[in-house]
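Here is the structure we will look at, set down as structure tokens.
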Amino acid sequence: MSLSKISRYRTEIMGFATLWVVFYHAPIVFANILAPIKFIKQISYSSVDIFFFLSGLGLFYSWNSQKKSLTEFYKTRFLKILPSYWIVVSIYFLFLFIYQNEFSLNNFLSMMLGINFYLYNDKIFWFIPSILVCYLIFPLIVNFIGFENNNSLQIIHENLINIIIFALILSWLITATDFYYLLIFTLRIPIFIIGIYAGYILIQKEPVPIFENIKINGIILSLCILLFNLIFALSSSDMRWRLGLFWYPCIMIAYPLCLTIALFFDYIDNFYSDSIFLKNIKNMFYFFGKYSLQIYLIHVTAFKILQVNI
């Protein structure tokens, strides 16, 4: 199964996505002669969708295999993120106090709790409060779709489509309000749900054509690249942010990207297992995937500090 390959190389895929996120945040401007590299940087939003997809997949796999209580589930997930997050937030505010003579207890507490993103459009660490909310609603999604109720695959698919449509409608409603900045998160909920579904299919070992057919995923990947080009050519930056235009193709491209990366690492293992160079490359991606949270927090903080100083 293609999903089994994604599960096998999940950490390496996360490593790829981590480097892609860092590349996006890097203050580098490319000339038109380097248009392909510039385009790769522009569509780096897709790297975040990879994380949401893999998070959904990993959550369901863990939920199904470990059978923890709801309290233990939340405790495990939150403890994986919050200590590192709180340390980095503390360092960031310490820097502001020492070098900028600036400190707000309200801002500090709101960022520590993650509500700064939802209430004040502070996107410096927006991914953390977003993924934590995904953790909170995960059991509700599992219960609504009916994965654990011995439902037929048809009923599961109907519920899956309904909840994805609901998530999209939520985003469309937000678009017309002053909270449109939340689209950066709400338009990631569908791919998180698809990730949960992928985790279910992986455990059930029931092949689904859209997951297994490489040609279909190749076509989807190509269409998304075309769609990205059209969006960048026909819309302004303000319009893309206001309407969340570039996050719609990100929903569709996340799985094909995961599959492509997984097939690449699988090819290395099958045909170049003796290559020390390629093995080191694979180990590098594994390292960045294993410490993806810490690398994300550190690099965002570092770039923000550099931006403040500059």
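The values are calculated or read from the model by the stated rules, or taken from the named source; none is laboratory data. The model shown is predicted, which means the values in this text are computed figures rather than measured ones. In this analysis, Cβ positions are derived from the backbone assuming ideal geometry, glycine residues included, and neighbour counts consider all displayed protein chains. Side chains included, ligands, DNA and RNA excluded: accessible areas come from the protein's heavy atoms. Shrake-Rupley method; radii C 1.70, N 1.55, O 1.52, S 1.80 Å.
Worth pointing out:
- Cross-link pairs LYS215/LYS279; LYS80/LYS290; LYS80/LYS304; LYS5/LYS279 - those with Cα-Cα distance over 20 Å: LYS215/LYS279; LYS80/LYS304
- Dipole axis of the chain (+1 Lys, Arg; -1 Asp, Glu on Cβ), positive-most option in ALA176, LEU202, PHE228: LEU202
- Taking GluC sites (Glu not before Pro) in DSSP loop conformation with at most 13 other Cβ atoms inside 10 Å as exposed sites, the chain has its longest uninterrupted site-free stretch at 149-310.
- At least 27 Å along the helix axis (C-alpha) and Kyte average at least 1.0, DSSP helices within the chain: 153-175, 214-234, 247-271
- Over segment 75-204, accessible surface divided per residue gives 49 Å², non-protein components excluded, 1.4 Å probe.
- Share of carbon and sulfur in the accessible area of the chain stands at 66%, probe radius 1.4 Å.
- Our note on the geometry: Cα centres of segment 204-283 and segment 101-165, 23 Å apart.
- Value of relative contact order over the chain, rounded to a whole percent, pairs C-alpha under 8 Å and six or more apart: 38
- Expected 222 nm ellipticity per residue - DSSP helices of 4 or more, -39500 (n - 2.57), all of the chain, to 500: -26500 deg cm²/dmol
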